[in-house]
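Below you'll find the structure, written out as structure tokens, and then a few comments.
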Amino acid sequence: MKRISLYIYLSISLVLSTNCNVNLKAETEIYFRLNQVGFLTDENKTAIILSNTNLDGLKVEVKNIRTNQAAYSQVLKNNLGPYGNFKFTYSFDFTTVAQTGEFLLEAANRQSLPFAISNNVNKGIAELLLDFFKIQRCGYTNPELHKVCHIADATSIVDGKRTLQQSVDLTGGWHDAGDYVKFLNTTAYSTYILLFAYEFNPQKFGFDRDRNGSPDILEEAKIGLDWMIRAAYKSDKFITQVQDLRDHDVGWRLPEDDPLAFDRPGFVGIGKNLIGIYSATMAIASRIWRDKFQYNEFADKCLGLAEKYYSISNRVPDVDSSGTGMYLDNSFEGKMALGAVELYLTNKKPNYLNDAKLYADSAGSDFWWSWGNINSIAHYRLAMFDTKYKDFIENSLEHFSKNMQNNLFGLGTTLSWGTNHTLLGITFLNILWSRLSNDKSYNSLATVQKDFILGRNPWGISFIFKVGKNFTKNFHHQVSFIKGKLNGGFAAGPATKEFLKNYNITYENPDKYAKFQTNDMFYRDDRVDYITNEPTIAANATAIFVFGNLVNR
């Protein structure tokens, strides 16, 4: 029988198996859901099993493929109750398997897809996720899968209610997602995370595949930095966005064929939220380019911009509201704390450290993760000066730990737009926590979130293109649809049906995962689904940090 995804379809005669004490009818369905890539030797290893038949007494083995010997076996019991269309669910825990190699699950003479156990099991994922940024490149930045594009950005400037017929050089940078709009908020977030990842662990993020002496991750971050420098508009404003929502209305096309290429306005705005993430990014860039490359001129320019914009923060709105209403922050304190502490780490001026503590105290734990919820990075930075800031990170991890008890798949968060980004954010937090405390209490929480991304989910799908055997293919992404691939593409992930109702999406193809959908957890691998199936630079940046840190732990 053909193997499909991470589930096993079992067609078994009405006989009593010698390996178990359960009679399975013909047409019995059993679906194994687990991480398709595999597991580190010391991390929790679990699978979820869905069935329409009571499987109490069924023996499941973890088999070493090379030796064909069972490394572990367990008889299923303790049905966890119904899930969607399935009356019976089980959690299969094989954490005790610590030997390295290739394995599979076997039950009643049927086998799962193989998976690995190794401390290098996640090798190459971060590099693949970084390749997505090359596809997102805009302008004269040597993009991949498409040609040079949008060479006239920006063709006009929108300042409040005024449209100024003047052009400003805002070429370059990255397209934000499956469309061709560019945003300062997510560009700054993504650039910062790439830089933070390198500084957090230069050994793990120092890969240099083209062997030119510069780490790939810093070369990509430079694309974001160069565009952010261009986005510094006059002395007291940013260009916060290039292009408006008309981009979504002109049909699917490659960026070089964009009929709006010479009609792409730039929007003027400012807010403490933007100043915070902008200053943080420029300050960390200044340190890296000075220390790593001895490129003092560029380092001075970055630091000068960080200090200049930070200095006007008391004279601007708390939160920027320019542009088309996308990527608007709810608060500013966390990003201002991050900007202040990064400036202090760069120039050692004590007023910045004082500011950072005040903002960080006010921000508190945000109990979430996204491009707009990164208080914990500021708390991580400040914990080296005052250990009380560790508590803010642990508060969030405790919150997520309680949530995971409430659902079969152990998700630490409720489902919304960008669920997968938040799930990996939980793993991100645990990496920070582990560095600060050497405490492994939340490792199981972090592992389950990461495993969900790689196949331990209702649909048995890996949400990263070409990672695992069954992965997302039909991204809401124009280049991907036209070119037929999307290296490093990372889908946004499931939402609730109630949430999706607000968007009235008309799907293009029948749902091959229909039997696994529920009201609480819904995902479509369909190119028109811009809620659950669109990749973004922000989510990829977070994923790069997570998977890069999970190699050679």
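No lab work stands behind these numbers, since they all come straight from the coordinates. Note that the structure is predicted; figures quoted are calculated from it, not measured. Glycine gets a Cβ as well: all are built from the backbone with ideal geometry, and neighbour counts include every protein chain shown.
Amide H contacts of residue 488 (H built 1.01 Å from N, in plane; Pro and chain starts excluded): 465 sit under 5 Å, all sequence-distant by 5 or more or on other chains. List 227, 252, 433 from most exposed to least, where exposure is judged by having the fewest other Cβ atoms within 10 Å. In increasing order of surrounding Cβ atoms, one gets 252, 433, 227.
Looking at the range 142-226, the GluC sites (Glu not before Pro) that sit in a DSSP loop and have at most 16 other Cβ atoms within 10 Å of their own Cβ are 144. Summed over qualifying helices (DSSP H, 4 residues or more, each -39500 (n - 2.57)) and divided by its residue number, the chain shows a 222 nm mean residue ellipticity of -11000 deg cm²/dmol. Between the range 307-382 and the range 26-76, the C-alpha centres lie 45 angstrom from each other.
Taking other Cβ atoms within 10 Å as a rough exposure proxy, 50, 113 sort from fewest to most as 113, 50. Sites listed here are trypsin sites (Lys or Arg not before Pro) in the range 70-167 whose DSSP assignment is loop and whose Cβ has at most 12 other Cβ atoms within 10 Å: 77, 147, 161. Taking 24 Å as the limit for the C-alpha separation, the pairs 483/515; 222/308; 182/272; 301/349; 222/450 exceed it in the case of 483/515; 222/450. Applying the criteria of a DSSP loop state and at most 14 other Cβ atoms within 10 Å to the trypsin sites (Lys or Arg not before Pro) of the range 346-384 yields 348. Axis angle, to the nearest 10 degrees, between helix 443-453 and the longest C-alpha principal axis of the chain: 90 degrees. What is the Cα centroid distance between the range 120-148 and the range 418-465, reported in whole angstrom? Centre-to-centre distance over Cα atoms comes out at 23 Å. Separation of the range 477-540 from the range 89-108 is 30 Å, based on Cα centroids. Taking amide H positions as modeled 1.01 Å from N, with prolines and chain starts lacking one, the residues under 5 Å from residue 38 and 5 or more places away or on another chain are 116. Subtracting the Cα-Cα distance of residue 79 and residue 249 from their residue separation scaled by 0.36 nm leaves 56.3 nm. For residue 204, the lysines whose Cα comes closer than 16 Å to its Cα, not counting residues fewer than 8 places off in the same chain, are 123, 292. Which shape class applies to the range 300-374: rounded if a/c is under 1.5, otherwise prolate when a/b exceeds b/c and oblate if not, where a ≥ b ≥ c are the square roots of the Cα gyration tensor eigenvalues? The shape class here is oblate. Remark on residue 83: its backbone amide H falls under 5 Å from those of 88, a criterion applied only to residues 5 or more positions apart or on other chains, H modelled at 1.01 Å from N. What shape does the chain have by the C-alpha gyration tensor, where a ≥ b ≥ c are the square roots of the eigenvalues, rounded means a/c under 1.5, and otherwise prolate means a/b greater than b/c and oblate the rest? Prolate, because a/c is 1.5 or more and a/b exceeds b/c.
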